[in-house]
1. Restricting segment 84-105 to residues that are small (Gly, Ala, Ser) and in a helix (DSSP H, G or I), which is nearest to Arg65 (Cα to Cα)?
2. Here are Ser43, Ser54: which of them is crowded, with 17+ Cβ neighbours inside 10 Å, under 30 Å from Glu144 (Cβ atoms) and either of a type in the set (S, T, N, Q) or without any contact (Cβ under 8 Å) to a residue 60 or more places away in the chain (or both)?
3. Among (1) at pLDDT below 50; (2) surrounded by 15 or more Cβ atoms within 10 Å (Cβ to Cβ), there is one condition Gly32 misses while meeting the rest; what is its number?
4. So which residues in segment 128-150 are free of Cβ contacts under 8 Å to residues at least 40 places away in the same chain and of a type outside the set (Lys, Arg)?
5. Could you say which residue among Asn108, Asn130, Asn143 is in a helix (DSSP H, G or I), polar (S, T, N, Q) and within 15 Å of the chain's Cα centre (by Cα)?
Amino acid sequence: MSVFKRLFKIGQAEAHNIVDKLEDPIKLTEQGIRDLKRDLDQSLKALAEVKAMSIKAKKESAEARNRAKSYENKAMMLLTKVEKGELDSAEADRLATEALNKKQDAENQASSAQQNAAGIDKNLVNLEQNVKKLRSKISHYENELKTLKARAKVSQATTKLNKQMAQIDSTGTIAMLEKMKEKVTENEALSEAYADVANENRSIDEEIDDVLGTESPSESSDALAALKAKMKAGKGEE
């Protein structure tokens, strides 16, 4: 195995290892977020219920105070009837006393309801803080999950690339290139050889013509003039 292929194999193994390590944290984080969201839903439900209890206790306290005030007014009205001669004094005192007793009961109920509301409000503060903490944790873990998933994608891409690189046969590729170079060199040499053979098969006339080249227009004209003179001289001799 070549050094390069060995290195690619090592990189591939390390990338697989990273992915394996990332899978569990991602699953755990997803499960943790689901658990926290369930806890948040339960906390919100509890918060709503406790708020309802606080509202009810405060309403009961207000109603009890109104009853206490009403009984006090009734006792005063009974005593007023005595002053007007509309009611016997003893009967008025008896009824007014009962009204004041009712007033006291109502005030006690109002005080108890108020204390109950105060205790509930303290629990509300704790519940609201817990809800805020849960929301903060959920947001934190969701951001962490995004980071882990991004890392996992990078690792998977690295694994794929290393796998592809590991499958490349660098030795075979180099051998193929060397064969191509050798073939091109052979073709170039063969072409030169054919050129040499062609030169060796030329006649002496071809070689002379190559050296002298084609006649210039002036030389051709001179030859034509000489030929005409020769023909004219021949006619004169006849």
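The values are calculated or read from the model by the stated rules, or taken from the named source; none is laboratory data. Not measured: the values here are computed from a predicted model. Ideal geometry is used to build each Cβ from the backbone, glycine not excepted, and the neighbour counts take in all protein chains shown.
1. Initial filter on segment 84-105 (small (Gly, Ala, Ser)): 85, 89-90, 92, 96, 99.
Next, from what is left, pick out any that are in a helix (DSSP H, G or I): 89-90, 92, 96, 99.
Values: Ser89: 28, Ala90: 28, Ala92: 23, Ala96: 18, Ala99: 14 Å.
Among those residues, the one meeting the criterion is Ala99.
2. Working: Ser54 fails: under 30 Å from Glu144 (Cβ atoms).
Of the residues listed, the single one that is crowded, with 17+ Cβ neighbours inside 10 Å, under 30 Å from Glu144 (Cβ atoms) and either of a type in the set (S, T, N, Q) or without any contact (Cβ under 8 Å) to a residue 60 or more places away in the chain (or both) is Ser43.
3. Just one mismatch for Gly32, condition (1).
4. Here is the first cut: in segment 128-150, the residues free of Cβ contacts under 8 Å to residues at least 40 places away in the same chain are 129, 132-133, 136, 139-140, 143, 146-147, 150.
Residues satisfying the conditions are Gln129, Ser136, Ser139, His140, Asn143, Thr147, Ala150.
5. On the way: Asn108 fails: within 15 Å of the chain's Cα centre (by Cα); Asn130 fails: within 15 Å of the chain's Cα centre (by Cα).
Sole residue among the options that is in a helix (DSSP H, G or I), polar (S, T, N, Q) and within 15 Å of the chain's Cα centre (by Cα): Asn143.
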